[in-house]
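Trainee: Starting off with a structure, shown below.
The values are calculated or read from the model by the stated rules, or taken from the named source; none is laboratory data. Computed from a predicted structure; not experimentally measured. In this analysis, Cβ positions are derived from the backbone assuming ideal geometry, glycine residues included, and neighbour counts consider all displayed protein chains.
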Amino acid sequence: MRFSERYGYKPVREIIQKESMDDDLKNKLWSILFIQIFEKYSLYDRYNELFSPLIINIWIDLLKLPLDEKPSSYKFTIFMKEYLYRSDVC
């Protein structure tokens, strides 16, 4: 909790977001995903082998989509960003 929230200068934000995500949370999640996974996966061939199982698991287990429809690494990054920011998903 921030100082301004603790002393009542600003309203306290909802700490646990169960039903939806606000824009701040979406932006932070996307930034973490992009830096830690997608940027490395997209830019360097040597990371393709390392991140390929993770990307495949995201595609199959999280998104529940057929593997043969998974786009290339660059398009996958774009797809995931659009998926995260769609209001009907989060």
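Trainee: Of the residues that sit in region 44-56 and are surrounded by 11 or more Cβ atoms within 10 Å (Cβ to Cβ) and in a helix (DSSP H, G or I), which one is modelled with the highest pLDDT? Working first, answer last.
Mentor: The first filter runs over region 44-56 and keeps only residues surrounded by 11 or more Cβ atoms within 10 Å (Cβ to Cβ), leaving 44, 47-48, 50-52, 54-56.
Those still in the list that are in a helix (DSSP H, G or I) too: 47-48, 50-52, 54-56.
On the way: Y47: 53, N48: 59, L50: 56, F51: 64, S52: 76, L54: 79, I55: 81, I56: 85.
Filtering region 44-56 for residues that are surrounded by 11 or more Cβ atoms within 10 Å (Cβ to Cβ) and in a helix (DSSP H, G or I), the one modelled with the highest pLDDT comes out as I56.
Trainee: In addition: Regarding region 67-77, can at least one residue be identified that is modelled with pLDDT of 70 or more, over 16 Å from the mean Cα position of the chain (by Cα) and surrounded by 11 or more Cβ atoms within 10 Å (Cβ to Cβ)?
Mentor: Looking only at region 67-77, we keep the residues that are modelled with pLDDT of 70 or more, and these are 67-77.
Next, from what is left, pick out any that are over 16 Å from the mean Cα position of the chain (by Cα): 67-72.
Those still in the list that are surrounded by 11 or more Cβ atoms within 10 Å (Cβ to Cβ) too: 70-71.
Yes: one or more hits.
Trainee: Can you tell me how many residues in region 21-37 are touching a residue at least 40 places away in the same chain (Cβ under 8 Å) and in a helix (DSSP H, G or I)? Spell out how you get there, then give the answer.
Mentor: Looking only at region 21-37, we keep the residues that are touching a residue at least 40 places away in the same chain (Cβ under 8 Å), and these are 21, 26, 29-30, 33-34.
Adding the requirement that they be in a helix (DSSP H, G or I) leaves 26, 29-30, 33-34.
Qualifying residue count, region 21-37: 5.
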